[in-house]
1. Could you please give the count of residues in segment A:133-153 that are open to solvent by less than 20 Å² (accessible area, probe 1.4 Å) and in a helix (DSSP H, G or I)?
2. Looking at A:Tyr207, A:Tyr233, which is the one that is free of Cβ contacts under 8 Å to residues at least 24 places away in the same chain and open to solvent by 20 Å² or more (accessible area, probe 1.4 Å)?
3. Scan segment A:270-278 and give yes if some residue there is under 16 Å from the mean Cα position of the chain (by Cα), free of Cβ contacts under 8 Å to residues at least 60 places away in the same chain and over 23 Å from A:Arg184 (Cα atoms), otherwise no.
4. Out of A:Ser71, A:Ser80, A:Ser119, I need the residue that is more than 25 Å from A:Val218 (Cβ to Cβ), more than 18 Å from the chain's Cα centre (by Cα) and part of a loop (DSSP other than H, G, I, E, B). Which one?
5. Let me confirm something: among B:Glu159, B:Glu172, B:Glu140, B:Glu166, which residue is in contact with a strand residue (DSSP E or B) (Cβ under 6 Å, 6 or more places away or on another chain) and open to solvent by 70 Å² or more (accessible area, probe 1.4 Å)?
6. Is one or more of the residues making up segment A:286-305 without any contact (Cβ under 8 Å) to a residue 24 or more places away in the chain, more than 14 Å from every other protein chain (Cβ to nearest Cβ), on the phi < 0 side of the Ramachandran plot and surrounded by fewer than 17 Cβ atoms within 10 Å (Cβ to Cβ)?
7. Consider segment A:32-47. How many of its residues are within 9 Å of another protein chain (Cβ to nearest Cβ), more than 14 Å from A:Gly304 (Cα to Cα) and of a type outside the set (Lys, Arg)?
8. Is it fair to say A:Leu251 is more than 21 Å from A:Arg179 (Cβ to Cβ) and either within 14 Å of chain B (Cβ to nearest Cβ) or crowded, with 18+ Cβ neighbours inside 10 Å (or both)?
Amino acid sequence: MKWSRKDLLGIRELSKEEILLILDSADSFKDISRREVKKVPTLRGKTVITLFYEPSTRTRTSFEIAAKRLSADTINISASTSSHVKGETLKDTARNLESMRPDVIVIRHNMPGAPHMLSRIVDSSVINAGDGAHEHPTQALLDLFTMREKKDRIDGLNITIVGDIAHSRVARSNIFALRHFNTRITCSGPPTMIPPDMESLGVHVEYDMNRAVKDADVIMMLRIQKERGGISYIPSVKEYSTIYGLKAEHLKKAKKDVIIMHPGPMNRGVEITDEVADGPYSVILDQVENGVAVRMAILYLLTGREA
Amino acid sequence: MGEKTVSLLDKKAVDRTITRITHEILEKNKGYKDLCLIGIRTRGIYLAKRINDKIKAVEEIELPLGILDITMYRDDIFKLKLPEVKKTDIPFDLNNMTIILIDDVMHTGRTTRAAIDAIMDLGRPRKIQLAVLVDRGDRELPMHPDYAGIFYNGSPEEEVLVRLREIDGKDEVIVVRT
């Protein structure tokens, strides 16, 4: 299997073979982070810029650590401290950054399609670290990696995604990735947060939380996307939490070795209780650890792609 | 395109050569104290296992055995077809050990350089020695094997292929001229 893509813009366009190549490579890169010397010289002399127009702790740090563990140089730019506040357009920012010859630009933007536009105007590889409610490919890949690691397979899993599906790029990217495998995907949440025609993606919709988690191997909880107006789709946070917050009693209905995932940031007491988030079924921090490995694999494949 | 094949070692000769290397390792190190074996992917792994089997037959002990993938340390990683990264698996502490690094063919010395760098990031061994089945000469770096099965200094158009039954179905060393 060879890798020839310049950019990682979304999961939708990836083949199953490409997804598996990323996961298999990540398996090898994961070991680096567990060593005393957490660094290999693979990307020595390469430059990675992270350009974030939306807040982030996990994703930005994860990319930076991944790049540094591969010996690449990293530069971080946040919109709030960049010329964006002086009125510079994304196009101009991109052209200026390109002039400094980075090898990879990692971008997060509130506008869907921003990474795609960027990829057309720069020669550097572009990685989408989240574009609006569109896609978040590296999150989906680290989620699949975690599922495969914990369950030894992806095929045959029952996966339940609960929350603000309509505004979630994590849900979208996960659905695009998981439909390559023989999985049963169920989405749950208030009807106002579930887009119409989900069945066309091969996804089941179950508004009743108790039925949605029944026999689940994986339960993925999402937060309400307040920055995308999510709060206006529900009568109250309290009601949402009562009906769709994941509580210990739900886990009894799932498979007995169910794993609980959350892409973060968590709103404790809203979509997930402390008891579940910190409980034995939670793999939320494993997801964070695996994120570094998956991003190392992606940086490696993109910079070493075949022309 | 014509392709000519010459045999350097047959099945029996491969086995005898590995036997000799095993005895040289034990002789040079005055036994097996603090010795460990690390095979470089892919065929170095099988050679390391066979050397370990032979050590077991002579000394009735199995040495710690590790697998090294050097992909992340290669100096030509972006010049060739992008190699797949595979796992390194060294399930023991290599600090203060004498490592016998094992590869099938030594040529430019670049793999050896990468392997030594990879090992140094994992700990501080007391010594590293290199054992190879075939030494092709034509070094590009100042590296030398401590144990070499055979020396074959062919022309650059020639390729030396080590085949081992574990993955190739049979044991032999051949030269292919293209």
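1. The first filter runs over segment A:133-153 and keeps only residues open to solvent by less than 20 Å² (accessible area, probe 1.4 Å), leaving A:135-147.
Going one step further and asking which of them are in a helix (DSSP H, G or I), we end up with A:137-147.
Counting residues in segment A:133-153 that are open to solvent by less than 20 Å² (accessible area, probe 1.4 Å) and in a helix (DSSP H, G or I) gives 11.
2. Every option except A:Tyr207 fails the conditions.
3. Taking every residue of segment A:270-278 in turn, none turns out to be under 16 Å from the mean Cα position of the chain (by Cα), free of Cβ contacts under 8 Å to residues at least 60 places away in the same chain and over 23 Å from A:Arg184 (Cα atoms).
4. Just a single option satisfies the conditions, and that option is A:Ser71.
5. Just one listed residue meets the conditions, B:Glu159.
6. No, segment A:286-305 has no match at all.
7. Qualifying residue count, segment A:32-47: 4.
8. yes
The values are calculated or read from the model by the stated rules, or taken from the named source; none is laboratory data. Just so it is clear, the structure is predicted and the values come from calculations on it, not from any experiment. Reconstructed Cβ throughout: ideal geometry from the backbone, glycine too, with neighbour counts over all protein chains shown. When the accessible area is computed, the model is the full protein with side chains, heavy atoms only, and any ligands, DNA or RNA have been set aside. Shrake-Rupley method; radii C 1.70, N 1.55, O 1.52, S 1.80 Å.
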